[in-house]
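Taking it in order: structure first as structure tokens, then the write-up.
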Amino acid sequence: MLKVSKILIDRQENPAALSEPTPYLGWQLESDRQNVHQTAYRICIRDGLMPFWDSGRITGSESAAVRYAGPPLNEECRYTLELTVWDNHGESTQGKAEFSTALFAPRFLTAQWITHTLAENHSECPVFVRHFSAEPVQKARLYLSACGIYTVRLNGQEVSQDWFAPGWTEYASRLQYQVYDVTALIQPENTLEITTANGWYAGYLNGTRQVYGKQTAIFAELSLTCMDSHRVTVATDVRWQWYLGQHREAEFYHGERIDRTAVPTAPQPVVLAEDLNAHAPALVPQQCEPVRVLERRAPVQLLHTPDGTPILDFGQNMAGVVRLDWQGSPGQEITLRFAEALTPDGSLYTANLRTAKATDTFVCSGGKDTFVPRFTYHGFRYVSIAGMGGNPPLDAFTALVLGTDAAATAQFSCSSPLVNRLWANIVWGQRSNFVDVPTDCPQRDERLGWTGDAAVFCRTAAQNEDVYRFFRKWLADLAIGQAADGGVPHIVPNVNGQGSGGAAVWCDAAVTIPWTLYELYGERDILERQYPSMKAWVEYMRRQETPDHLRQCGFQHGDWLALDREEGRGNRGSTDAYLIASAYYAHCTRLLAKAAAVLGKAQEVAEYTALHRAICSGFQQEYITATGRVVGETQTALALILLFDLARAEHRDHIAQSLVQNLDKHQGHLTTGFIGTPILMDALSKIGRNDLAGKLLLNEDFPGWLYEVRCGATTMWERWDSVRPDGSFDESGMNSFNHYAFGAVGDWLLEQLVGIRPAEPGYRAITLQPQLIHGITQACALRTTPYGRVRLAWQCLNHLITVEVEIPANTTAQLFLPEQEGSITLGSGSYQYSYATETDLTPQRFTMDTPLRTMLADADAKAVLSAALPGMLDGPAAAFLAGKSFNDLKGMMPGGEALFAQLLTKLNQLC
Ligand code: BGC
């Protein structure tokens, strides 16, 4: 039977405050038949009982990203949407959704911006208050925004569970407002209280404070519709007052102080925020999912530092706060200090927080208290506790995990527990750093929307969660922050001011992110919105190009944090920064031409296609010799050239060979940074060397993804050597344990290892192409695409390959079965295949090239080695031997070849 399983309006189910007057619509179909596709649909929208728009029966298979084609929706209305769908089997079905619209531009709000009279440069949290009487109401809506961040209570009840409202946008231009339905909270006598904190607006940010303004301010309007339908408004004006309550101080970096003994200060009159009233930023409805508590976690153990200070271990690095439920003595002061790691002696490792104090302080009332900081967050796994004695009870503490509340759209698992942990670390990296904007890290004094980090992680992020609206909001701010010459800020919202644009990859986010969103979500809307910004950035580069169409100027981050950096070259890696910039100039120009094609701009397609060709030829002249050798053959340079098709056809094999040789020189290890890492595996897959990609992925020794996992990482590290093989920490001052850039390998796991990728934008057509790699015997992923659920599970065990696939209605897939010729075209439905193979993928954890150090890290392997090489592994040559592999050692002793081959088999049997 055909069924509508989901209806999405601007990608939301039954939205309560739709911010788009002409939204994109989408629906997902389910059927127990195979090969189901839609032949026609009809959409009817009603405003209450009145028909508002009827699309009529429309022949066609479009079911995702369908532009609403009726008259613009009215503001503040409640609509019903009825959908009818017909399929190719002669079935039809109906689905229904409801939605309400926001105020698209809150023109008729009469509120005024008000502020308090605290001295400047404080971190206090003023509470704005208004008492009012009300007659019974049919409806009560509260419109609210603030400079700073706010929480709101009506008659003592929290109105919303969203955090850090109104969110972070390019504040000088636009500020979000929220709308809350508070009908149920209205009483005859009411108290409306709005607490503010500096937040991003006036707080410490990026080495300074008060980036946007000096004081917090609010703008609120409560609209009461009485029983007889007349409207009464309670809006911010000089009748409001302010006082200081119990949230005494709060800053994102430094933490919060809540004092339950504090007597609220006497209410004082507010003042009008004249500047804001004269030049207020545009108020826009909330653009994406808010930050919320995503999960609650209990501590897993209590530890103690050498001096006996108790430390809670939550077992997982995360972004959030800790709630304390506790009855202390009156005035008892409890301090929580947050950190991501412990030093080798078991103390809190805080060096990587830089100036962030990351400390919350709670003062007890004497009764039962609950402390929940609402105006700060920390990046942490460990929390040291002062003021509760040596053994505070674990059940008094709960970690509240905070992050943007976007829907999860991917599940992944495979036969390797280490790779599964890597996947979890990637997901945690995203949860911890998508905090209203895509941030670099949640712990130190930064937490900024670095464009490069977002650019390289976007493809993984967009498969993992539905981040379309999250990025749409952020890209709008990127475009606002773009300079008149098209230069793109390196941080969005732009806290660096003008003139900060120019670096490759970071600025290229203006082009690469909209294109990635289009590919994965299929909504051309994002290209329509961003095209002017995309084009402005390409034109910026074009104005600066050399006569050979290369990008060879301006500040560059280079292959940020690559391991192949030369002494004294800081963080940039040794790949020529202008090679990277020119490669990305070509890449972005090609993407712009593709975007122009989607938008039907034929002349610009021709123009940018020609420019792309010219850049490629300039690139070949500058960076590739006549025989196909790359100048400055780093892994990153080679991967860029291969993945972006920058070389002439006759040179590609040679360049592919150079990449293989380079990896070989590094014993199958990567040397790449932010630029090379996200593409290295893809480049290897592209040249047909999934075997090498597999080896690279599964390396357990330094450097590599699983090295971190074996060191106990629960999120992605900023650097490969955040913890060095000798256990010491990197000391550069940039050592975050929660940075997602290297987690960009996540899309390889889904798109190559499991093998689910879009063949057409939005997964209208799907490629299913699993890759068998040695060391992994099975892998499975579930992806929620705009058409519904795609599942692929493969297994290669006991000489039998099994592949199961599930394809959503209204799509088709091309399935490439491992070790089989050609491909199979499939319509929707579930399918299973199994066939015999000679292949054995059983993990070979160690090879003849594995350094002994890696083997010795495993207790069982150490026992086998110690028995086979008595006395040698703890004798004077121990350090020398630890760095050698069986291949290095086999020639050094008689019978070595046979001895080490036998030993290797024995060691691998242990796994
Ligand atoms: C951030 C990075 C960022 C970089 C660029 C760092 O401090 O944490 O992730 O992209 O600066 O310079």
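A few comments on the model shown:
- Here Pro281 fulfils each of the conditions (1) in contact with an Asp or Glu (Cβ under 9 Å, 6 or more places away or on another chain); (2) open to solvent by 20 Å² or more (accessible area, probe 1.4 Å); (3) in contact (Cβ under 8 Å) with a residue 40 or more places away in the chain apart from (2).
- Residue count for the stretch 357-384, restricted to those that are part of a loop (DSSP other than H, G, I, E, B), over 17 Å from Gln246 (Cα atoms) and open to solvent by less than 30 Å² (accessible area, probe 1.4 Å): 2
- Selection count, the stretch 38-79, where residues are assigned to a strand (DSSP E or B) and exposed (fewer than 14 other Cβ atoms within 10 Å of the Cβ): 7
- Only residues that are open to solvent by 10 Å² or more (accessible area, probe 1.4 Å) and closer than 30 Å to Leu910 by Cβ were counted in the stretch 776-817, giving 10.
- Across the stretch 811-826, the number of residues qualifying as in a loop (DSSP other than H, G, I, E, B) and under 29 Å from the mean Cα position of the chain (by Cα) comes to 1.
- Set side by side, the residues Tyr540, Tyr521 differ, and just one is away from the ligand (no atom under 16 Å from the Cβ) and over 24 Å from the mean Cα position of the chain (by Cα), which is Tyr540.
- Residue in the stretch 402-416 that is within 16 Å of the ligand (Cβ to nearest atom) and among the aromatic types (Phe, Trp, Tyr) present: no
- Comparison of Ala867, Ala863, Ala901 shows that the only residue that is closer than 26 Å to Lys665 by Cβ and part of a helix (DSSP H, G or I) is Ala901.
- Residue satisfying all of: in the stretch 448-479; crowded, with 24+ Cβ neighbours inside 10 Å and assigned to a loop (DSSP other than H, G, I, E, B); farthest from the ligand (Cβ to nearest atom) among these: Val467
- Output for the stretch 231-250, where each listed residue is open to solvent by 70 Å² or more (accessible area, probe 1.4 Å) and not β-branched (Val, Ile, Thr): Arg231, Arg239, Glu249
- Among the residues of the stretch 635-662, those that are open to solvent by 20 Å² or more (accessible area, probe 1.4 Å) and within 33 Å of the chain's Cα centre (by Cα) comprise Leu643, Asp645, Val660.
- Residue in the stretch 489-503 that is nearest to Lys535 (Cα to Cα), counting only those that are open to solvent by less than 10 Å² (accessible area, probe 1.4 Å) and of a type in the set (Gly, Ala, Ser): Gly502
- Listed by position, the strands (runs of 3 or more DSSP E) enclosed by the stretch 116-221 that each have at least 2 residues that are open to solvent by less than 30 Å² (accessible area, probe 1.4 Å), touching an Asp or Glu at 6+ places or on another chain (Cβ under 6 Å) and at pLDDT 95 or above are 126-133.
- When the stretch 284-295 is limited to residues that are under 21 Å from Ala172 (Cβ atoms) and either assigned to a loop (DSSP other than H, G, I, E, B) or modelled with pLDDT of 95 or more (or both), the one that is most open to solvent (accessible area, probe 1.4 Å) turns out to be Gln286.
- Filter result (farther than 17 Å from Phe742 by Cβ and either more than 14 Å from the ligand (Cβ to nearest atom) or within 11 Å of the chain's Cα centre (by Cα) (or both)) within the stretch 432-447: Val435, Asp436, Val437
- Residues of the stretch 711-733 that turn out to be closer than 27 Å to Ile773 by Cα and touching a Lys or Arg at 6+ places or on another chain (Cβ under 9 Å), as a count: 4
- Set Val427, Val435: member being farther than 16 Å from Pro299 by Cα and open to solvent by less than 30 Å² (accessible area, probe 1.4 Å): Val435
- Candidate set from the stretch 558-592 (those that are part of a loop (DSSP other than H, G, I, E, B) and crowded, with 24+ Cβ neighbours inside 10 Å); member that is nearest to the ligand (Cβ to nearest atom): Trp560
- Residue under evaluation Arg354, criteria (1) of a type in the set (Lys, Arg); (2) open to solvent by less than 40 Å² (accessible area, probe 1.4 Å); (3) out of contact with any strand residue (DSSP E or B) (no Cβ under 8 Å at 6 or more places or on another chain), criterion not met: (2)
- Unique match (being out of contact with any Gly (no Cβ under 7 Å at 6 or more places or on another chain), open to solvent by less than 20 Å² (accessible area, probe 1.4 Å) and away from the ligand (no atom under 16 Å from the Cβ)) among Thr714, Thr672, Thr677: Thr714
- The condition of being within 29 Å of the chain's Cα centre (by Cα), in a loop (DSSP other than H, G, I, E, B) and at positive phi holds for only one of Gly673, Gly668, that being Gly668.
- Residue within the stretch 725-738 that is within 16 Å of the ligand (Cβ to nearest atom), in a loop (DSSP other than H, G, I, E, B), crowded, with 23+ Cβ neighbours inside 10 Å and hydrophobic (A, V, I, L, M, F, W, C) present: yes
- For Gly486, the test of being within 16 Å of the ligand (Cβ to nearest atom) and either part of a loop (DSSP other than H, G, I, E, B) or open to solvent by less than 10 Å² (accessible area, probe 1.4 Å) (or both) is failed.
- For the stretch 296-322, a residue qualifies if it is in a strand (DSSP E or B) and more than 25 Å from the chain's Cα centre (by Cα), and the qualifying residues are Gln301, Leu302, Leu303, His304, Pro310, Ile311, Leu312.
- Selection from the stretch 752-774 of residues that are in contact (Cβ under 8 Å) with a residue 24 or more places away in the chain and open to solvent by 10 Å² or more (accessible area, probe 1.4 Å): Gln752, Pro758, Ala759, Glu760, Pro761, Arg764, Ala765, Thr767, Gln769, Gln771, Leu772, His774
- Taking the listed residues Thr714, Thr767, the one that is outside any loop (DSSP other than H, G, I, E, B), polar (S, T, N, Q) and touching a strand residue (DSSP E or B) at 6+ places or on another chain (Cβ under 6 Å) is Thr767, with no other qualifying.
- Residue within the stretch 81-101 that is without any contact (Cβ under 8 Å) to a residue 12 or more places away in the chain, open to solvent by 30 Å² or more (accessible area, probe 1.4 Å) and among the hydrophobic types (A, V, I, L, M, F, W, C) present: no
- Flag for Thr627 being in contact with a Ser or Thr (Cβ under 6 Å, 6 or more places away or on another chain) and assigned to a loop (DSSP other than H, G, I, E, B): no
The values are calculated or read from the model by the stated rules, or taken from the named source; none is laboratory data. Just so we're clear, the structure is a prediction, and the values are computed from it rather than from any experiment. Here the Cβ is made from the backbone with ideal geometry for all residues, glycine too, and neighbour counts use every protein chain on show. The accessibility values were calculated without ligands, DNA or RNA, using every heavy atom of the protein model including side chains. Shrake-Rupley method; radii C 1.70, N 1.55, O 1.52, S 1.80 Å.
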